[in-house]
1. Considering (1) over 29 Å from the mean Cα position of the chain (by Cα); (2) surrounded by 17 or more Cβ atoms within 10 Å (Cβ to Cβ); (3) closer than 29 Å to residue 500 by Cβ, say which one residue 234 fails and leave the rest.
2. Which condition does residue 110 not pass, out of (1) touching a residue at least 24 places away in the same chain (Cβ under 8 Å); (2) open to solvent by 10 Å² or more (accessible area, probe 1.4 Å); (3) more than 27 Å from residue 48 (Cα to Cα), if it passes all the others?
3. Give the residues of segment 188-202 that are crowded, with 23+ Cβ neighbours inside 10 Å and either at pLDDT below 80 or among the aliphatic types (A, V, I, L, M) (or both), sorted by residue number.
4. Among the residues of segment 412-428, which ones are part of a helix (DSSP H, G or I) and farther than 16 Å from residue 245 by Cα?
5. With respect to residue 129, is the statement that it is open to solvent by 20 Å² or more (accessible area, probe 1.4 Å), in a helix (DSSP H, G or I), β-branched (Val, Ile, Thr) and farther than 23 Å from residue 412 by Cβ true?
6. Keeping to segment 269-301, report how many residues are open to solvent by 30 Å² or more (accessible area, probe 1.4 Å) and within 22 Å of the chain's Cα centre (by Cα).
7. Please go through (1) touching a Phe, Trp or Tyr at 6+ places or on another chain (Cβ under 6 Å); (2) free of Cβ contacts under 8 Å to residues at least 24 places away in the same chain for residue 169 and return the number of the only condition it doesn't satisfy.
8. Can you tell me which residue in segment 507-533 is modelled with the highest pLDDT, limited to those that are open to solvent by less than 30 Å² (accessible area, probe 1.4 Å) and touching a Ser or Thr at 6+ places or on another chain (Cβ under 8 Å)?
Amino acid sequence: MSDPVFFQFSTVTVIILLAVFYGATFYMSTYVNEKDESVDGFMVSSGEVGFGISAASMTATWIWAASFYGAAISGYNYGLSGPLHYGFWGALMILFIYPFGLRFRALAPNAHTLAEIMHARHGSGSQLILAISNLFGSVISLMVNFTAAGALVSVLSPLSFQAGVLIAGLGVLSYTLWSGFRASILTDFAQVVAMMSIAVVIIPWVYFSAGGSEALSAGFAIITEEQANFFSTTAILEQGAPFFVAVLAYAIGNQTIAQRLFAVRQDLIKPTFITATLGYGSIVIGLGMLGLMALMLGIAPHEGDLNNIIPQMASAYLPPAMIALFFILVIGSLSSTADSDLSALAAIMMTDIYGRNLAKGNPNPRKMLLLGRLTMIVATMAGLILASFSLDILVMLVFVGALWGAIVFPVIASCYWNRVTNEAFIWAVVGGLIMFTVVRFEILPLTGIVGGFFELVAAVGGGVVLGLMAFGFFGRIIGLTVAAVGAVACAVYFSGFLREYTVLLGSLTAYGASTIICVALSLMGKEKFDFDVINERVTSFDDDAAMAAVRVADEQLKPS
């Protein structure tokens with residue numbers, strides 16, 4: 001089968017669908033709009049969100065446009081194992097964050113951002129590095145979600161790609177602008193219920209409409225041997241492993257995840273993240289099967305753009321009413337993450353740029369709220385402009401995750417090891433990013449001694465990834481043991497081999513280089529930090545007495 005004839009809604013129908021969705025979402029958000037909005041409520045809903053809302057919000061935020069399009073692209077490119085590589089590793093990373101999340105909340109119960117904890121731990125330099133990386137990453141995330149909206153609208157209607165991008169951007173901004181994080185988590189709950197309900201119906205419908213098991217069995221004759229292999233080495237090295245490493249960085253570096261971590265009631269962190277793990281994995285693996293079905297049915301991506309696989313499958317095998325539901329499903333998924341990105345960007349600007357730096361310990365709540373809302377408007381404009389370039393979603397996902405990889409070890413180590421210094425943190429991140437860039441863009445030829453050197457650094461990175469996961473769940477001794485054994489095993493396996501897979505090599509190099517630099521510089525210093533002071537320095541912005549105490553503490557810390 002070749003490129004199918006698309007079913008298209010009329011322009012009026014699509015506009016009505018979008019107007020109903022965003023209108024209903026905006027109406028729902030008015031229930032949490034407060035006349036005298038507090039700064040803490042706008043950013044983290046005062047840290048007392050219950051289990052149901054938190055689990056649904058975490059699931060909806062993690063299921064973004066890339067979960068739909070990326071999972072389908074993975075299934076289309078890599079065959080049988082593609083959807084599993086995307087869905088399983090992404091789900092595992094939600095689970096991965098909760099033991100570290102418990103530590104973050106124990107250190108700073110009133111935190112608004114992870115960078116704010118780094119400010120209390122190290123000072124402005126480390127905080128701004130983490131904050132700026134999040135600003136960059138969240139704008140890229142907005143771009144990805146708006147790109148997905150444009151692709152969907154342009155395929156299923158006469159409207160242009162740019163029109164779809166613009167409508168999605170303005171729609172998300174409309175209901176997030178006034179209530180911030182409160183609106184985001186409330187609409188997430190409704191969106192995840194809708195996503196799960198619709199996905200349960202749509203995926204089997206496409207399967208049977210396409211011919212069921214008989215049609216897919218015939219597809220084995222047209223796919224490659226690697227695509228037919230459930231344990232494909234190509235799929236592991238080109239998709240599974242790079243994505244695994246990337247989403248680990250997302251779990252630690254992404255403010256949208258941290259924001260929910262700081263918003264949920266402290267005693268509900270574990271059940272919330274376990275529930276979100278199961279919800280994400282089941283939905284996304286199922287959605288990835290749409291790409292696998294397209295591969296086995298011989299469907300060619302419209303205009304060669306893999307982002308069109310999902311709307312093509314819906315257009316070819318669903319009746320109009322189900323296509324309308326599918327349309328709402330995708331719009332809901334990308335909107336739930338886009339509003340989270342806007343809330344995250346607002347929190348970073350309010351807390352990390354203004355509240356803890358520009359305000360000099362004396363922030364004005366009204367100015368903070370104004371800055372947060374202006375940030376949302378500017379970020380939406382930036383996301384819309386970048387989305388107009390229509391870049392590949394899966395490539396952008398892995399690239400941003402790899403950039404964040406340089407941050408993971410310094411952040412976690414700073415919250416457990418009292419020897420980590422501000423200089424060690426900063427140079428670890430800078431060094432990791434430089435070495436990642438050299439590898440990812442092959443600035444130096446990855447041959448001979450140079451290739452061997454980067455493979456050795458990447459081996460350390462592989463050990464770090466495995467060790468951090470083991471450390472989070474099983475403690476320091478097992479974590480260090482797994483890291484050491486993993487690094488040695490990776491060094492043997494990677495030698496003369498990994499240089500052929502620059503995406504994975506670059507990602508692991510970021511981890512390895514930042515870890516080596518951080519440990520070396522920390523051991524050279526003599527600092528022994530008292531973690532108890534973090535709670536004293538990270539306070540509610542709405543607590544005047546606490547803020548006054550912070551100002552006094554900041555003055556005492558200044559050199560005489």
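The values are calculated or read from the model by the stated rules, or taken from the named source; none is laboratory data. No experiment lies behind these values; they were computed from the predicted model shown. Because the Cβ atoms are built from the backbone with ideal geometry, glycine has one as well, and the counts that use them run over all protein chains shown. Keep in mind that these areas ignore ligands, DNA and RNA; they rest on the heavy atoms of the full protein, side chains included. Shrake-Rupley method; radii C 1.70, N 1.55, O 1.52, S 1.80 Å.
1. (1)
2. Condition (3) is where residue 110 drops out.
3. 191, 192, 195
4. Within segment 412-428, the subset part of a helix (DSSP H, G or I) is 412-416, 422-428.
The answer is 413, 414, 415, 416, 422, 423, 424, 425, 426, 427, 428.
5. On the way: open to solvent by 20 Å² or more (accessible area, probe 1.4 Å): yes; in a helix (DSSP H, G or I): yes; β-branched (Val, Ile, Thr): yes; farther than 23 Å from residue 412 by Cβ: no.
Against the criterion (open to solvent by 20 Å² or more (accessible area, probe 1.4 Å), in a helix (DSSP H, G or I), β-branched (Val, Ile, Thr) and farther than 23 Å from residue 412 by Cβ), residue 129 does not qualify.
6. Matching residues across segment 269-301 total 8.
7. In the conditions (1) touching a Phe, Trp or Tyr at 6+ places or on another chain (Cβ under 6 Å); (2) free of Cβ contacts under 8 Å to residues at least 24 places away in the same chain, residue 169 misses (2) alone.
8. Filtering segment 507-533 for residues that are open to solvent by less than 30 Å² (accessible area, probe 1.4 Å) and touching a Ser or Thr at 6+ places or on another chain (Cβ under 8 Å), the one modelled with the highest pLDDT comes out as 522.
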